[in-house]
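The structure under discussion appears below in the form of structure tokens.
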Amino acid sequence: MTSAPAVSADRPALASARLPSLTGLRWIAALLVFGFHAGTMRIIAEPDYKAVVDALFTLGLSGVQFFFILSGFVLVWSARDGDSRRTFWRRRIAKIYPNHLVLFGATLLVAWWFTDPVLPAAALENLLLLQAWDPRPGWFYSINTVSWSLSCEFFFYLCLPLALPLLRRARPRLLWVLIVALPLLILALWPAQQLVPEVSRWWFTQIFPPVRSLEFWLGAVAAELMRRGLWRGPGLTAASLIFLGTWVAATQWIRAELWTTLLAVAYLLVITAAADADVRDRRSPWRSRPLVWLGEVSFAFYLVHVLVMTSVLRWSGDWGTGFPGWRGPVVVLGFLVANLVLAGLLHRYVETPMMRRLAPRRPARPAPVPRQRTAGSDAAGPQPVAAGPQAEAAGPQPVAAGPQADAAGPQAEAAGEGDQSGGRSPYVDSR
């Protein structure tokens with residue numbers, strides 16, 4: 001989509017462009033959202049059991065924030081020189097629309113079964129992924145409620161090819177200014193919402209695509225710094241401890257107005273640390289085969305979980321009342337398994353084949369040409385390596401998010417979604 005300036009380094013650290021740890025982390029984010037909804041739907045009636053779920057998943061809705069940040073990170077990391085805007089947009093549509101259409105149809109069938117009224121205008125907005133722009137209460141949660149985040153992602157996808165050339169040409173100092181400024185802008189949303197009518201404040205801070213794009217651009221800027229070898233952040237262990245400390249502190253002592261800002265920073269540190277661990281082939285607990293599979297189906301899991309739980313609860317007559325005693329936790333675990341099964345089927349028989357059929361194929365990479373060794377070359381030290389997409393046979397490979405999120409997708413493509421292939425990354429370490 002753009003050309004990038006060459007960045008040289010004394011010690012280039014070239015590694016596989018696949019980021020399986022980010023795929024595994026996608027499942028953790030999806031699980032947080034699931035736990036939050038399991039708590040808010042009052043599936044568990046026993047107060048002691050429900051208190052445990054509430055304590056663990058009070059901030060679970062922030063899993064969408066993780067998807068958005070991850071989406072921006074992976075889309076910029078995987079962007080190739082030579083990809084046209086049309087190619088990029090076609091690949092994004094092929095990623096998110098098949099699953100969206102299946103859930104759109106399934107939700108309408110459920111509405112017909114329960115004789116729920118459906119507003120044609122709201123359904124059309126949802127079908128076209130425009131609902132997040134509509135501040136009317138209920139409209140942005142129309143049809144399949146969680147698809148509001150796809151509406152945001154769709155906006156991010158439209159903007160990225162237009163903004164990426166500027167990002168590639170930006171000076172490092174400007175990128176670091178953005179890394180600091182974007183969390184502060186997220187924090188500024190709390191006083192800024194006073195300028196919006198009270199009825200629309202939730203929509204403005206939690207749904208409105210330009211506002212939620214601050215998280216997407218935070219991940220995008222971090223990816224650009226990392227691909228140039230300029231990122232400075234803690235390792236994966238330290239970043240994980242920082243995140244856990246932030247999560248506990250936010251649930252216990254920190255005011256709600258600060259949650260989104262602190263969690264955005266904590267999520268970013270974990271994402272960049274996990275990506276760095278993959279690039280350097282360092283130990284990471286997030287790239288085990290089971291976690292990677294769970295991450296691959298996380299997009300489908302996110303789309304199906306609310307529809308499945310609400311439909312079953314309404315059919316059983318337990319909507320809003322919950323299940324007493326030990327039955328509540330068992331039902332939650334049952335929902336978890338059922339949603340995973342459905343997500344696996346959706347991923348295998350809809351998402352993956354439709355992505356192959358509809359998405360444009362990337363051209364095969366030429367085989368790398370060995371560098372000619374000349375007399376005295378060993379004494380000359382390592383050669384500088386371009387950090388842009390021209391390095392190492394045309395740049396990073398696509399890495400296969402939610403809210404929001406996503407380049408992302410279950411294939412380690414954060415919240416954005418996309419394909420995954422092998423190859424070597426032009427990640428350059430200047431440390």
Subject >> Unique residue being among the small types (G, A, S) and at pLDDT 80 or above when the list is G63, G82 >> reply: G63
Original post:
Restricted to the range 175-185, and to residues that are hydrophobic (A, V, I, L, M, F, W, C) and in contact with a helix residue (DSSP H, G or I) (Cβ under 9 Å, 6 or more places away or on another chain), which residue is surrounded by the most Cβ atoms within 10 Å (Cβ to Cβ)?
Top reply: L182
Subject >> Residue selected from the range 75-93 under the condition small (G, A, S) and either farther than 27 Å from V270 by Cα or in a helix (DSSP H, G or I) (or both), by the criterion least open to solvent (accessible area, probe 1.4 Å) >> reply: S78
Subject >> Matching helices (runs of 4 or more DSSP H) fully within the range 265-371 where at least 1 residues are under 28 Å from G233 (Cα atoms) >> reply: 289-296, 298-316
Subject >> Residues of the range 139-152 satisfying the condition of being part of a loop (DSSP other than H, G, I, E, B) and not polar (S, T, N, Q) >> reply: W139, F140, Y141, I143
**OP:** With the condition kept exactly as written, say whether any residue in the range 281-290 is in contact with a Pro (Cβ under 9 Å, 6 or more places away or on another chain), within 24 Å of A38 (Cβ to Cβ) and crowded, with 19+ Cβ neighbours inside 10 Å.
**Re:** yes
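Conditions (1) part of a loop (DSSP other than H, G, I, E, B); (2) on the phi < 0 side of the Ramachandran plot; (3) open to solvent by less than 30 Å² (accessible area, probe 1.4 Å), marked per residue:
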residue	(1), (2), (3)
S21	no, yes, yes
R26	no, yes, yes
F34	no, yes, yes
R42	yes, no, no
V52	no, yes, no
A55	no, yes, no
V64	no, yes, yes
I69	no, yes, yes
F73	no, yes, yes
Original post:
Quick one: what pairs do we get from the range 261-287, first residue on the phi < 0 side of the Ramachandran plot, second of a type in the set (S, T, Y) and not in a helix (DSSP H, G or I), C-beta under 8 Å, 6+ apart or different chains?
Top reply: A274/S284; A277/S284; D278/S16; D278/S284; V279/S16; V279/S425; V279/Y427
Original post:
For V341, are the conditions met, namely being open to solvent by 60 Å² or more (accessible area, probe 1.4 Å), among the hydrophobic types (A, V, I, L, M, F, W, C) and farther than 19 Å from Y49 by Cα?
Top reply: yes
Subject >> Selection from the range 1-59 of residues that are modelled with pLDDT under 90, touching a Lys or Arg at 6+ places or on another chain (Cβ under 6 Å) and over 29 Å from T237 (Cα atoms) >> reply: T2, A4
Original post:
Across the range 123-174, what is the number of residues that are open to solvent by 60 Å² or more (accessible area, probe 1.4 Å) and farther than 29 Å from V110 by Cβ?
Top reply: 7
Original post:
Of the residues in the range 104-138, how many are within 19 Å of the chain's Cα centre (by Cα) and either closer than 27 Å to S316 by Cβ or outside any loop (DSSP other than H, G, I, E, B) (or both)?
Top reply: 1
Original post:
Among the residues of the range 195-228 satisfying the criterion of being in a loop (DSSP other than H, G, I, E, B) and touching a Phe, Trp or Tyr at 6+ places or on another chain (Cβ under 7 Å), which is modelled with the highest pLDDT?
Top reply: I207
**OP:** Tell me, please, whether a residue that is in contact with a helix residue (DSSP H, G or I) (Cβ under 7 Å, 6 or more places away or on another chain), under 30 Å from T145 (Cβ atoms), buried (at least 17 other Cβ atoms within 10 Å of the Cβ) and of a type in the set (S, T, N, Q) can be found in the range 208-218.
**Re:** yes
Subject >> Qualifying positions in the range 243-256 - over 19 Å from F67 (Cα atoms) and open to solvent by 60 Å² or more (accessible area, probe 1.4 Å) >> reply: V248, Q252, W253, R255
**OP:** Might you check whether a residue that is under 14 Å from T145 (Cα atoms), out of contact with any strand residue (DSSP E or B) (no Cβ under 9 Å at 6 or more places or on another chain), in a loop (DSSP other than H, G, I, E, B) and open to solvent by 40 Å² or more (accessible area, probe 1.4 Å) occurs anywhere in the range 94-102?
**Re:** no
**OP:** Have a look at A192, A239 and point out the one that is of a type outside the set (S, T, Y), surrounded by fewer than 16 Cβ atoms within 10 Å (Cβ to Cβ) and either closer than 22 Å to V180 by Cβ or modelled with pLDDT of 95 or more (or both).
**Re:** A192
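The values are calculated or read from the model by the stated rules, or taken from the named source; none is laboratory data. Fair warning: this is a prediction, and the values are worked out from it, not measured in the lab. FYI the Cβ positions are ideal-geometry reconstructions off the backbone, even for glycines, and counts take in every protein chain you see. Surface accessibility is based on the protein's heavy atoms, side chains included, excluding ligands, DNA and RNA. Shrake-Rupley method; radii C 1.70, N 1.55, O 1.52, S 1.80 Å.
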